[in-house]
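Accompanying notes for the structure given below.
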Amino acid sequence: MKIYNRLQLIRTERKMSRNELADVVGINSQTIGFIERGDYSPSLELAFKIAAVFNVSIETIFSTQQFESLFNNENKELTK
């Protein structure tokens, strides 16, 4: 099953580097990159840890369905 994520978006919005996030959740920073690119799906335990760092639900970051583009929403609003 493919797992989609908004990890890079949320991490950069919070001005956190991959290294900083990796240190907080106890993994290698390369693993954060693999997760962000969709090359690796985190365990449930790791998903909970990542969500807790940002104080959001797991569903805010991870989904089994592709997230709608934020840019498409802006374009829809502009054309109304």
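What helices (runs of 4 or more DSSP H) lie completely within the chain and have 1 or more residues being of a type in the set (Gly, Ala, Ser) and at pLDDT 95 or above?
Ranges flagged: 18-25, 29-37, 44-54.
What are the residues in segment 44-72 that are of a type in the set (S, T, N, Q) and either under 13 Å from Asn5 (Cα atoms) or within 13 Å of the chain's Cα centre (by Cα) (or both), if any?
Hits for segment 44-72 are Asn55, Ser57, Thr60, Ser63, Thr64, Gln65, Gln66, Ser69.
When segment 33-43 is examined, which residues are found to be over 12 Å from Arg6 (Cα atoms) and touching a residue at least 24 places away in the same chain (Cβ under 8 Å)?
Passing the criteria: Ser41, Pro42.
Could you list all residues from segment 33-63 that are over 18 Å from Met16 (Cβ atoms) and either open to solvent by 80 Å² or more (accessible area, probe 1.4 Å) or among the aromatic types (Phe, Trp, Tyr) (or both)?
Asp39, Tyr40, Leu44, Glu45, Glu59
The values are calculated or read from the model by the stated rules, or taken from the named source; none is laboratory data. Predicted model, so just to flag it, every value in this text is computed and none were measured. Methodologically, a virtual Cβ is constructed for each residue, glycine included, from the backbone with ideal geometry; neighbour enumeration extends over all protein chains shown. The protein model used for the area step is the full one, side chains on, heavy atoms only, and it has no ligands, DNA or RNA in it. Shrake-Rupley method; radii C 1.70, N 1.55, O 1.52, S 1.80 Å.
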